[in-house]
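> One structure follows; several queries about it will come next.
The values are calculated or read from the model by the stated rules, or taken from the named source; none is laboratory data. Being a predicted model, the structure only gives us computed values, none of them experimental. Neighbour counts are summed over all protein chains in view; Cβ atoms, including those assigned to glycine, are modelled from backbone coordinates with ideal geometry. With ligands, DNA and RNA removed, areas are computed over all heavy atoms of the protein, side chains included. Shrake-Rupley method; radii C 1.70, N 1.55, O 1.52, S 1.80 Å.
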Amino acid sequence: MDDMALTTRDLAVFSGARVFITGDTGFKGSWLAYWLWSMGARVMGYALPVDSPRHLFARLGLARKIIHLNGDVRDSPALFAAVRRHKPEFVFHLAAQSLVAASLTDPQKTFDVNVGGTVNVLDAVRRQGTVRSLIVVTSDKCYRNNEWPWGYRENDTLGGRDPYSGSKAAAEMVFSSYDHSYFADRRSLGAATVRAGNVLGGGDWAKNRIVPDCVRALIAGRPIVVRHPGATRPWQHVLEPLSGYLTLALRLRRSPKAFGGSWNFGPSGNASQPVMDVVRRVVAGWGGKNPPVVRGKTVGHESTLLALNSDKARRLLNWQTRWGFERTVDETVRWYKTAALGGSVDSLTGAQINEYLETRVDS
């Protein structure tokens, strides 16, 4: 891999490589599994089963493309058996309880999955000598949020006012302990944690997320419920952080100890926008009659400002965002409209990956 931004040629390294992904049935996990499969990787996914035929994992036909095992990261023996069976070279840990609202309802499960599950994954890697590159996905919410207008850097203080944020900060501390105690002396293993901003993209159907909420309302002809219209977030297409994870994974494989630690993969430029700007662009892109927008009930504390500083990734990995705010939302709406009209989201997902790789700068 050269010093230029990620290309299809770079990704050829994954052809034939054994890759293990936890959370492959999730939103980001499905996109990552599909991308790696399209590059010829031998992918094994380990996650809870899908619960709906409209689920992204199901719509992409991933059960026929990769090896998938239904499993819970809290089940350490089953997880280790899966890792031992696949003998992966690359491990991507994405499995998580990823919703702030759900963490307030069931904090114990959130900590069990996000902290205990991370312990189990790290211990499986510790016991599996074939792993050369480990990426542990946490969240931008792992930082103690002081409502700063500038972005958080990798060395800023960790924290969390809600169980979800606290669990991600704790997962970072767990990783640091394993890294120093077990991974530092394994010269052939490169390991890192990654933190991304608010991710948009086709196939996310989670509740209390702005774009899925908009799409459900538009399809049903109902008002769009917005909880925090003025809150500003660093919006980015799902392909942006995934390209960062893949870039870092390749660098870790080549130079295990030069690229370890923590990395931010957040958007730049005008990507930090109020929630209502997302709503307006989704509605405009969908077309038809504009539905009313109503204020929803606030669930727990939500920050007003939150942004990442990704200078480290830009400087040391030459990673850069390619799609600005407008294209991010437009490509996301394009995916959902195709799905709603019965089109092939399998083909569209592959096309969007290729279009993304062909884009050299923010557009």
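> For the stretch 26-82, go through all pairs of different Cα atoms, get the mean of 1/r, take its inverse, and jot down that Kirkwood value in Å.
Radius from the Kirkwood sum: 11.8 Å.
> For the stretch 40-197, what class follows from the C-alpha gyration tensor (a ≥ b ≥ c being the square roots of its eigenvalues): rounded when a/c is under 1.5, otherwise prolate if a/b is larger than b/c, else oblate?
It is oblate, given that a/c is not under 1.5 and a/b is not larger than b/c.
> Positive end of the dipole of the stretch 46-165, charges at C-beta (+1 Lys, Arg; -1 Asp, Glu), about the Cα centre: which of S76, L134, P88 has its Cα farthest in that direction?
P88
> In whole percent, what relative contact order does the stretch 1-152 give with Cα contacts below 8 Å and a gap of six or more residues? Walk me through the numbers before you get to the answer.
Values: 228 pairs, mean separation 34.3, N = 152.
Rounded, it is 23 percent for the stretch 1-152.
> At 1.4 Å probe radius, can you tell me the per residue accessible area of the chain in Å²?
Normalised by residue count, the accessible surface of the chain is 41 Å².
> Cα-Cα pairs above 22 Å in the stretch 102-188: how many percent?
Looking at the stretch 102-188, the distances longer than 22 Å represent 34 percent of pairs.
> Note down the nm distance, to one decimal, between modelled labels 7 Å out along Cα→Cβ at A63 and at L341.
2.8 nm
> Could you tell me how many cubic angstrom of Cα convex hull volume the stretch 227-288 has per residue?
106 Å³
> If you don't mind, another one. Which one of N309, Y178, G160 is farthest out on the positive end of the charge dipole of the chain, using unit charges on Cβ (Lys, Arg +1; Asp, Glu -1) and the Cα centre as origin?
Highest projection toward the positive end goes to Y178.
> Could you tell me what percent of the DSSP beta bridges with both partners in the stretch 189-313 are antiparallel, to the nearest 5?
20 percent
> Summing +1 for each Lys or Arg and -1 for each Asp or Glu, what net charge is found among the other residues whose Cβ lies under 9 Å from the Cβ of V226?
+1
> While we're on this one: About its Cα centre, how strong a charge dipole does the chain have in debye, to the nearest 20, once Lys and Arg get +1 and Asp and Glu get -1 at the Cβ?
On the way: 47 positive and 32 negative charges, 87 e Å.
Approximately 420 debye in magnitude.
> A further question on this structure: Equivalent ellipsoid semi-axes for the chain, as square roots of 5 times the alpha carbon gyration tensor eigenvalues: give them largest first, rounded to whole Å.
Details: eigenvalues 180, 102, 86 Å².
Taking √(5λ) for each eigenvalue gives 30, 23, 21 Å, largest first.
> Given the DSSP H assignment, sum -39500 (n - 2.57) over each helix run of at least 4 residues in the chain and divide by its residue total; what's the result at 222 nm in deg cm²/dmol, nearest 500? Present the calculation step by step, with values, prior to reporting the outcome.
Working: 15 runs with 148 residues, N = 363.
Helices in the chain give a 222 nm mean residue ellipticity of -12000 deg cm²/dmol.
> Net charge near T105, counting Lys/Arg +1 and Asp/Glu -1 over other residues with Cβ under 12 Å of its Cβ?
0
> If you average the sequence gap of Cα pairs under 8 Å that are 6 or more apart and divide by the length of the chain, what percent do you get for the contact order?
17 percent
> Can you tell which of A217, A206, A249 lies farthest toward the positive end of the dipole of the stretch 199-262, using +1 and -1 charges on the Cβ of basic and acidic side chains (Lys, Arg; Asp, Glu)?
About the Cα centre, the residue reaching furthest to the positive side is A249.
> Cα axis of helix 117-127 to longest principal axis of the chain: angle in degrees, 0 to 90, nearest 10?
For 117-127 against the chain, the angle is about 30 degrees.
> Could I have the simple spin-label model distance between N354 and T157, label points 7 Å from Cα toward Cβ, reported in nm to one decimal?
Here the modelled spin labels are 5.0 nm apart.
> Still on this structure: First compute the accessible area of the stretch 90-182 with a 1.4 Å probe, then give the percent of it belonging to carbon and sulfur atoms.
Carbon and sulfur: 49 percent of the exposed surface of the stretch 90-182.
> Calculated FRET efficiency, Y182 and R74, Cβ-Cβ r, R0 25 Å, to nearest 0.05?
0.75
> At 0.36 nm per residue, and after removing the present C-alpha to C-alpha distance, how many nm does the segment from W148 to D112 gain when stretched out fully?
Difference between extended and current length: 10.0 nm.
> Counting Lys and Arg as +1 and Asp and Glu as -1, what is the net charge of the other residues whose Cβ lies under 9 Å from the Cβ of A196?
0
> Once the Cα atoms of helix 325-340 and of the chain are each reduced to a long axis, what angle between those two axes, in degrees from 0 to 90 to the nearest 10, is obtained?
Approximately 80 degrees, to the nearest ten.
> While we're here: Quick one: helix 27-38 against the long Cα principal axis of the chain, what's the angle to the nearest 10°, folded into 0 to 90?
60 degrees
> Taking the stretch 56-101, how much of its Cα-Cα pair set, in percent, is spaced more than 11 angstrom apart?
Result for the distance tail: 77 percent.
> R84 versus I219, label points 7 Å from Cα toward the beta carbon: distance in nm?
Here the answer is 4.2 nm between the modelled labels.
> Another one. Place a point 7 Å from Cα of S38 in the direction of its Cβ. Which residues in the stretch 328-357 have their backbone N less than 14 Å from it?
332, 335, 344-357, by backbone N distance to the label point.
> Could I ask something else about it? Within straight cross-link reach of K65, meaning Cα distance under 30 Å, which lysines are found once same-chain residues fewer than 8 apart are removed?
Of all the lysines, those that pass the test against K65 - Cα under 30 Å, at least 8 places apart if same chain - are K28, K87, K207, K337.
> Going by amide H atoms built from the backbone, whose H comes under 5 Å of the H on W235, apart from near neighbours?
Amide H neighbours of W235, under 5 Å, 5+ apart: S272, Q273.
> Could I ask something else about it? I want the antiparallel fraction of DSSP beta bridges within the chain, as a percent rounded to 5.
10 percent
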